[in-house]
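The structure appears right after this line, and notes come after that.
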Amino acid sequence: MVDNTKVQQDENFIKKDVLDEINGEPIESLSFSYRIIKRFFDIIISGVMLIIIIPVFVVFSGIYLIGDNKGPLFYRQVRVGRNGKKFKMYKFRSMVVDADKKLLENKELYAKYVANSYKLPAGEDPRVTKFGSFIRRTSLDELPQFINIFIGDMSIIGPRPIVEKELAEYETAERINKLLSVTPGAMGYWQAIGRSNIEYPERCEVELYYVDHASLLFDFQIIFKNIISIFKSDGAY
C-alpha cells in the first residue's frame with residue numbers, strides 16, 4: 001500500500017498558487033541573442049520535421065481506428081510552460097481513452113504514480129496499450145511535440161514541461177521561477193543523462209543545472225546525447 005502523504009502535500013502546495021508569484025511578468029535568465037537564434041532553429045527544424053513525418057501521421061491514423069487503440073490520434077495534456085503559461089502538449093496516444101480519469105479514480109494507483117515521480121513503473125500501468133508500449137520505447141509518441149515547438153509553446157531543447165502538481169517538487173518560489181524562466185523542451189538534459197531512471201528530487205537539480213548553463217554548445221551536446229538515449233531506449237516507458 002502506497003502512503004498518500006506525498007499526494008496531500010503536493011495538493012496543499014499547489015493550493016498556495018505559486019504561479020501567482022510570477023504575476024505574468026516575463027522572467028529573463030538567458031541572453032536575447034541566444035533566445036532569438038534558438039527560436040529560429042526551433043521554427044526551421046520543427047517545420048521540416050512536421051513535413052517529413054506526415055506519413056507517420058497517416059499510418060497512425062489508421063492504427064487508431066481498431067482494437068484497444070481505437071480513439072483519438074493525439075493525447076493532449078496541460079503542462080506549465082515559460083513564465084507559468086499553461087499549454088496543451090501533444091503526444092501520440094499510448095493509453096486507453098480516458099486514461100487520466102481512470103488514474104484519478106483509482107486512489108491506490110494514483111498514490112503509486114505520485115510516489116514514483118509522477119509515472120508508474122515499467123509494465124505496471126494497466127492503461128498503456130501494446131501499441132502504446134511500443135511507441136513509448138521507441139519515443140515515437142513524442143513526435144507530435146514538433147507542433148508545440150513550431151507554435152512556440154516548447155523548444156527542441158529545454159527542461160521537460162511538467163504538470164502543475166510537479167511544481168511542488170521544486171519546493172520554493174525561487175526555484176520554480178528559475179525553472180519557468182526558460183521555454184520547456186522536447187529534449188533536455190534530464191532525458192540525455194537518464195530520463196525516467198532519474199527521479200525526483202534529483203531530477204529538479206538536473207533541470208535547474210540546464211537553466212544555469214544553457215548555451216548553444218550545451219544544446220547541441222544534449223541533442224547528441226538524446227539521440228543516443230533514444231536508440232538505447234534508456235528510461236523510456
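The values are calculated or read from the model by the stated rules, or taken from the named source; none is laboratory data. Since we're looking at a predicted model, the values are computed, not measured. Here the Cβ positions follow ideal geometry from the backbone for every residue, glycine too, while neighbour counts run over all protein chains shown. Side chains are part of the model used for accessible areas, which takes the heavy atoms of the whole protein and leaves out ligands, DNA and RNA. Shrake-Rupley method; radii C 1.70, N 1.55, O 1.52, S 1.80 Å.
A single member of Ser181, Ser215 is of a type outside the set (A, V, I, L, M, F, W, C) and touching a Ser or Thr at 6+ places or on another chain (Cβ under 8 Å), and it is Ser181. Do we find that Ile198 is open to solvent by 20 Å² or more (accessible area, probe 1.4 Å), of a type in the set (Val, Ile, Thr) and modelled with pLDDT of 95 or more in this structure? It is false that Ile198 is open to solvent by 20 Å² or more (accessible area, probe 1.4 Å), of a type in the set (Val, Ile, Thr) and modelled with pLDDT of 95 or more. State yes or no: is Lys130 more than 24 Å from Pro184 (Cα to Cα), of a type outside the set (A, V, I, L, M), open to solvent by 50 Å² or more (accessible area, probe 1.4 Å) and modelled with pLDDT of 90 or more? So Lys130 fits the description; yes.
Could you please let me know if Tyr189 is at pLDDT below 95, at negative phi and open to solvent by 60 Å² or more (accessible area, probe 1.4 Å)?
Numbers: at pLDDT below 95: yes; at negative phi: yes; open to solvent by 60 Å² or more (accessible area, probe 1.4 Å): no.
Spelling it out, it is not the case that Tyr189 is at pLDDT below 95, at negative phi and open to solvent by 60 Å² or more (accessible area, probe 1.4 Å).
Residue check: Glu169 meets all listed conditions (1) assigned to a helix (DSSP H, G or I); (2) out of contact with any Cys (no Cβ under 6 Å at 6 or more places or on another chain) but one, namely (2). With the structure loaded, tell me whether Thr129 is closer than 30 Å to Phe220 by Cα and over 13 Å from the mean Cα position of the chain (by Cα) or whether it fails that test. Here the answer is no, as Thr129 does not meet what is asked.
What are the residues in the range 86-114 that are open to solvent by 60 Å² or more (accessible area, probe 1.4 Å) and hydrophobic (A, V, I, L, M, F, W, C), if any? Before the answer, list the steps.
So in the range 86-114, the residues open to solvent by 60 Å² or more (accessible area, probe 1.4 Å) come out as 86, 88, 97-98, 100-102, 104-108, 112.
Scanning the range 86-114 gives Val97, Leu104.
Cβ-Cβ contacts under 8 Å between residues 6 or more apart (or on different chains), taken from a first residue in the range 185-213 that is among the acidic types (Asp, Glu) to a second residue that is modelled with pLDDT under 90, are listed as Glu199/Asn116; Glu199/Ser117.
Tally up the residues in the range 49-73 that are open to solvent by 60 Å² or more (accessible area, probe 1.4 Å) and either out of contact with any helix residue (DSSP H, G or I) (no Cβ under 9 Å at 6 or more places or on another chain) or assigned to a strand (DSSP E or B) (or both), please. Talk me through it step by step, then tell me what you get.
Residues of the range 49-73 open to solvent by 60 Å² or more (accessible area, probe 1.4 Å): 51-52, 54-55, 58-59, 65-68, 70, 72.
From what's left, either out of contact with any helix residue (DSSP H, G or I) (no Cβ under 9 Å at 6 or more places or on another chain) or assigned to a strand (DSSP E or B) (or both): 51-52, 54-55, 58-59, 65-66, 70, 72.
The total comes to 10.
Residues in the range 202-228 that are at pLDDT below 90 and either under 16 Å from the mean Cα position of the chain (by Cα) or under 17 Å from Glu166 (Cα atoms) (or both): 1 in all. Could you tell me which of the residues Phe224, Phe220, Phe231 is assigned to a helix (DSSP H, G or I), free of Cβ contacts under 8 Å to residues at least 12 places away in the same chain and farther than 18 Å from Phe41 by Cβ? Criteria check complete, one pass: Phe231.
Residues that are out of contact with any strand residue (DSSP E or B) (no Cβ under 6 Å at 6 or more places or on another chain), buried (at least 16 other Cβ atoms within 10 Å of the Cβ), closer than 28 Å to Leu179 by Cα and without any contact (Cβ under 8 Å) to a residue 40 or more places away in the chain are absent from the range 77-85 altogether. Taking the range 66-85 as the range and being modelled with pLDDT under 95 and of a type in the set (A, V, I, L, M, F, W, C) as the test, only Ile66 passes.
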